[in-house]
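For reference, the structure discussed in these notes is given below.
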Amino acid sequence: MLAYRAVAVLALFTVSATLDAQRSRWFRGNTHTHTLQSDGDSPPDSAARWYRDHGYNFLLITDHERLTDPAPLNAQYGRAGAFLLIAGQEVTQRVADSTRKENRQAHMNALGIHKVVMPQGTNGVAKDITMAEGYRRNIAAIRAAGGIPQINHPNWRWSVRLSDLLAIPDSTLIEIANAHTGVNNLGAANADGRVVPSTEALWDSLLSRGKVLFAVGDDDSHSFRPGDADDYNLTRPGRSWIMVRANTLTASAILGAIRRGDFYVSTGVMLSDLTVSSRSIRLAIEATGSDDRQFTIEWVGRGGRVLSTATGREASYQIRGDEGYVRARITDSNGKHAWTQPVVEGQRSRVKGQG
Ligand SMILES: [Zn+2]
Ligand SMILES: [Zn+2]
């Protein structure tokens, strides 16, 4: 007997697959954006316009300690069923560490909040708590404000370690593909001899310990002015995003699907099908006839181990039951990716119950 859950993805698509598949569609969105309300270089209007005009369906403006009311922006830039702004904020937590010259960074995004969440300590610097405690308090505060917590750029300033995240609750989001130019997604062996895993490997380490965390990709965009495109150091929009499956484009439908894990991450590989059940995962890659990219699909399990590899535009994986979890990483011949959320071992009964 297989004992798997795809958390809520499964609940949706095992039990009432046909009905939901007919009604639902994919919405493209960015969950991390800065404007002149904090350290971005353009007003919220420029950000809203850019994303609306470049094929996105939803956008969260997430300035540091600033909640931008989406209502007036939606009145101006929103389009029913096509483009929607959703409330968000970055909680800019820093934690003092006597073993380092600089504070450690424990930023989080808060998706869908109804009030600002202030970081712990004075001016965003907590001097008397651990990183883990900082995350615990901020996740609780974000949830109390009605939001979904997202761990931001773990490798920025080489700040976050696995041990800092062992107590975070299931369904927290973790950025594995923040597109900012300075966030060290791939990890490194540092000058002090410490080997820092990639953000994707960090996610695998947490999944391998039984946590059910959903990966996110986003822009962390700061630079919208036309001339910004000439400077490769600036973080322009449009590089990393999520595709969320929902029946309708409303804040509650999008946030609900994110909470359930019914989305995938993309930096340029798009899926035309993603069908998840407790026994199998099937996917198809969107590509036109003249598109000659080659695709490699890797099925990844416990410890980040590659369970099997396929090439082509379609692949499926039959779940055996001993993988710990199963997720897909798709890489194209230009280095672009898609990552699907994990189907996690255990609690299959819960999945049935959710139907
Ligand atoms: Zn940040
Ligand atoms: Zn940011």
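Quick look at the values:
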quantity: Test result for residue 225, touching a residue at least 12 places away in the same chain (Cβ under 8 Å) and within 23 Å of residue 149 (Cβ to Cβ); calculated: no
quantity: Strands (runs of 3 or more DSSP E) enclosed by segment 206-289 - at least 1 residues per element that are acidic (Asp, Glu); calculated: 214-218, 271-276
quantity: Residue within segment 246-260 that is open to solvent by less than 20 Å² (accessible area, probe 1.4 Å), among the small types (Gly, Ala, Ser), more than 13 Å from the chain's Cα centre (by Cα) and at pLDDT below 95 present; calculated: no
quantity: Complete set of residues in segment 171-184 that are within 16 Å of ligand 2 (Cβ to nearest atom) and either in contact with a Leu (Cβ under 9 Å, 6 or more places away or on another chain) or open to solvent by 40 Å² or more (accessible area, probe 1.4 Å) (or both); calculated: 173, 174, 176, 180, 181, 184
quantity: Some residue of segment 233-242 being open to solvent by 40 Å² or more (accessible area, probe 1.4 Å) and either over 19 Å from residue 32 (Cβ atoms) or within 14 Å of ligand 1 (Cβ to nearest atom) (or both); calculated: no
quantity: Residues that are away from ligand 1 (no atom under 13 Å from the Cβ) and among the basic types (Lys, Arg), drawn from segment 132-165; calculated: 136, 137, 143, 161
quantity: Residue 49, sole failed condition from (1) charged (D, E, K, R); (2) closer than 16 Å to residue 235 by Cα; (3) not in a loop (DSSP other than H, G, I, E, B); calculated: (2)
quantity: Residue 217 within 15 Å of the chain's Cα centre (by Cα), surrounded by fewer than 19 Cβ atoms within 10 Å (Cβ to Cβ) and on the phi < 0 side of the Ramachandran plot; calculated: no
quantity: Positions within segment 166-192 being among the hydrophobic types (A, V, I, L, M, F, W, C) and away from ligand 1 (no atom under 16 Å from the Cβ), in sequence order; calculated: 166, 167, 168, 186, 188, 189, 191
quantity: Those residues of segment 54-66 which are in contact with a Phe, Trp or Tyr (Cβ under 9 Å, 6 or more places away or on another chain) and either within 16 Å of ligand 2 (Cβ to nearest atom) or open to solvent by 50 Å² or more (accessible area, probe 1.4 Å) (or both), in sequence order; calculated: 59
quantity: Pairs, first farther than 16 Å from residue 207 by Cα in segment 142-163, second small (Gly, Ala, Ser) and within 14 Å of ligand 1 (Cβ to nearest atom), C-beta under 6 Å, six or more apart; calculated: 142/110; 147/110
quantity: Checking residue 306 against (1) in contact with a Phe, Trp or Tyr (Cβ under 8 Å, 6 or more places away or on another chain); (2) under 18 Å from residue 267 (Cα atoms); (3) of a type outside the set (Phe, Trp, Tyr), the condition it does not meet; calculated: (2)
quantity: Pairs, first at positive phi in segment 301-313, second among the acidic types (Asp, Glu), C-beta under 8 Å, six or more apart; calculated: 303/204; 304/200; 304/204
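For (1) aromatic (Phe, Trp, Tyr); (2) in contact with a helix residue (DSSP H, G or I) (Cβ under 8 Å, 6 or more places away or on another chain); (3) under 23 Å from residue 28 (Cα atoms), each residue gets a yes or a no:
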{"site": "87", "(1), (2), (3)": "no, yes, yes"}
{"site": "91", "(1), (2), (3)": "no, yes, no"}
{"site": "116", "(1), (2), (3)": "no, no, no"}
{"site": "139", "(1), (2), (3)": "no, no, no"}
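The values are calculated or read from the model by the stated rules, or taken from the named source; none is laboratory data. What you see is a predicted model, and the numbers here were worked out from it, not measured in a lab. Please note: Cβ atoms are built from the backbone with ideal geometry, for glycine as well, and neighbour counts cover all protein chains shown. The area values use the complete protein model at the heavy-atom level, side chains included, leaving out ligands, DNA and RNA. Shrake-Rupley method; radii C 1.70, N 1.55, O 1.52, S 1.80 Å.
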